[in-house]
Amino acid sequence: MICVCQRLDALRATEAVDVVVLMNHKERFRASNTAKVIEKVCGARIFVDGNDDDWADFEKLVQERMGEAFVLYPSNVAVSWDSLPVAANVRPLIIVLDGTWGQARRLNQKITDSIPRVKILPTTLSRFLCRRQTQADRVCTAEALALLMSDMGLDQVGSKLEQGLQIVVEGFNMLLVTYYTSVNNASSFQSKLGHSHCQCSLLQLVVMI
């Protein structure tokens with residue numbers, strides 16, 4: 001088992017912005033899910049769609065922070081951060097949608113249109129190769145937030161998110177080396193667990209944070 005929790009905890013950022021994640025329920029226990037980096041680095045609460053208590057708490061928070069909340073999602077009406085009329089004394093609440101692109105679209109549809117949508121414009125390909133993007137200009141959840149933080153002038157937070165993502169990638173690399181070494185050195189390894197099951201199970205142990 002490889003745990004990177006302490007390394008991520010050491011990156012905790014304290015800035016004048018709040019972050020929460022609205023996550024599709026299928027993402028919660030995927031080791032390749034990068035919202036857990038946001039949870040660690042930004043101290044973000046994760047609300048799981050499909051959990052009634054989480055949804056009730058999420059809606060309550062949105063009502064309490066109306067006028068301060070922004071949804072990170074590239075909808076047709078989304079604008080860049082510098083185009084938003086954000087008052088200097090406002091502590092923004094960034095709502096990050098987490099899931100596949102189809103899942104994120106459905107999550108966005110559940111949130112009231114009265115909350116502004118904000119978008120980022122990636123100029124490079126995603127560096128998180130543990131999950132495949134369906135389009136060249138798409139990035140993972142943590143990368144998207146890191147880019148938004150930079151747009152907001154919070155470069156230190158963006159940098160820490162990128163560092164956290166790199167830690168996760170290193171964890172995957174270490175796990176794969178351990179896995180393939182074990183397979184090569186112990187022929188009974190696969191027969192006990194089965195090839196597809198054993199790889200999946202090991203990957204789930206990388207960052208269960």
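State the answer as a single residue: which of Val41, Cys5, Met152 lies farthest towards the positive end of the charge dipole of segment 5-165, with beta carbon charges of +1 for Lys and Arg and -1 for Asp and Glu, about the Cα centre.
Positive-end residue among those listed: Cys5.
Given all pairs of different Cα atoms, what value in angstroms does the Kirkwood hydrodynamic radius of segment 5-165 take?
In segment 5-165 this quantity evaluates to 15.8 Å.
Counting Lys +1, Arg +1, Asp -1, Glu -1, what net charge surrounds Val41 among other residues with beta carbon under 12 Å of its beta carbon?
Once all neighbours under 12 Å are counted, the net charge is +1.
Using bins 10 angstrom wide from zero, how does P(r) for segment 1-99 break down, in % of all Cα pairs?
So the P(r) values, bin by bin, are 14, 41, 35, 9, 1.
Please go through segment 1-89 and write out the trypsin sites (Lys or Arg not before Pro) that DSSP classes as loop and that have at most 14 other C-beta atoms within 10 Å.
Answer by residue number: Arg12.
Hey, fewest Cβ within 10 Å first, where do Val90, Val168, Val20, Val139 land in order?
Val90, Val139, Val20, Val168
Under unit Cβ charges (Lys, Arg +1; Asp, Glu -1), what dipole magnitude, rounded to 20 debye, does segment 5-165 have relative to its Cα centre?
580 debye
What net charge do the residues around Asp155 carry, taking every other residue with its C-beta under 14 Å from that of Asp155, with Lys and Arg at +1 and Asp and Glu at -1?
Here the count lands on -2.
Since every read-out is calculated from the coordinates, none of them should be taken as a lab result. Fair warning: this is a prediction, and the values are worked out from it, not measured in the lab. As a convention, Cβ positions derive from the backbone with ideal geometry for all residues, glycine included, and neighbour counts pool all protein chains shown.
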